[in-house]
């Protein structure tokens, strides 16, 4: 079976989750994919092109995709809860986010990372604003929500030998929503 561009992008995203953009190296990726560097160069001009494609996929799949899934939910508390469920379902999303934090100042990553963060925060602020919070409180709640998302995946990365159960994930999500929406 021939590998496609998407296979390389997925493997690069997993590598970023493990160690930031520094972990994106062609030979190790090729080895994990069971192919040669020639396959890589069939799809990408160089490593930077792979990172750029991976960042583009991350932005579309893990920012615009989840927002589109929940944006039409009218009740803001339900919208926030569903957003947390959606983004925490896929370990790759959170792992990539945590890995990209370490590379946020990389010239390839910085503009995409800034755009993604702005989009995510704006959406969360809107949701908390729809709950009746003032703009300042909505901004703080958005930061707390995003921090809770990152903390979940950082703990998963730090303690891979202790994966949480689905029940633990749901409890974490419920507690987070209850804390973030208190006072609305």
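Bear in mind that the values in this text are calculations on the coordinates, not laboratory data. Just so we're clear, the structure is a prediction, and the values are computed from it rather than from any experiment. Note that each Cβ is placed from the backbone with ideal geometry, even for glycine, and that neighbours are counted across all protein chains shown.
Legend: translational diffusion of region 87-184 by Stokes-Einstein, Rh = Kirkwood radius over C-alpha pairs, 10 °C, 1.306 mPa s; D = 109 µm²/s.
Using the average count of surrounding beta-carbon atoms within 10 Å as a protection proxy, the listed peptides 127-134, 115-122 rank, highest first, as 127-134, 115-122.
In this simple spin-label approximation, residue 35 and residue 184 carry label points 7 Å from Cα along the Cα→Cβ vector, and these lie 4.4 nm apart. Note on residue 166/residue 61: beta-carbon distance plugged into 1/(1 + (r/R0)^6) with R0 of 22 Å gives a FRET efficiency of 0.50. Compared with the dominant principal axis of the Cα atoms in the chain, helix 76-89 is inclined by about 30°.
With 5 Å bins beginning at zero, the pair-distance distribution over Cα atoms of the chain amounts to 1, 8, 16, 18, 18, 15, 11, 7, 4, 2, 1, 0 %. Contact order normalised by length for the chain, with contacts defined as Cα pairs under 8 Å and 6 or more residues apart; what percent is it? Relative contact order, the chain: 23 percent. Helix 91-102 axis versus longest C-alpha principal axis of the chain: approximately 80°, rounded to the nearest ten.
Between helix 110-130 and the chain there is an angle of about 20 degrees, using the helix long axis and the longest principal axis of the Cα atoms. In the chain, the calculated helix contribution to ellipticity at 222 nm averages -23500 deg cm²/dmol per residue, counting -39,500 (n - 2.57) for every DSSP H run with n ≥ 4. Residues of region 122-161 falling in the label zone of residue 101, defined by backbone nitrogen less than 14 Å from a point 7 Å along Cα to beta-carbon, are 143-159. Using a simple spin-label model with pseudo-atoms 7 Å out from Cα toward Cβ, residue 7 and residue 45 lie 2.4 nm apart.
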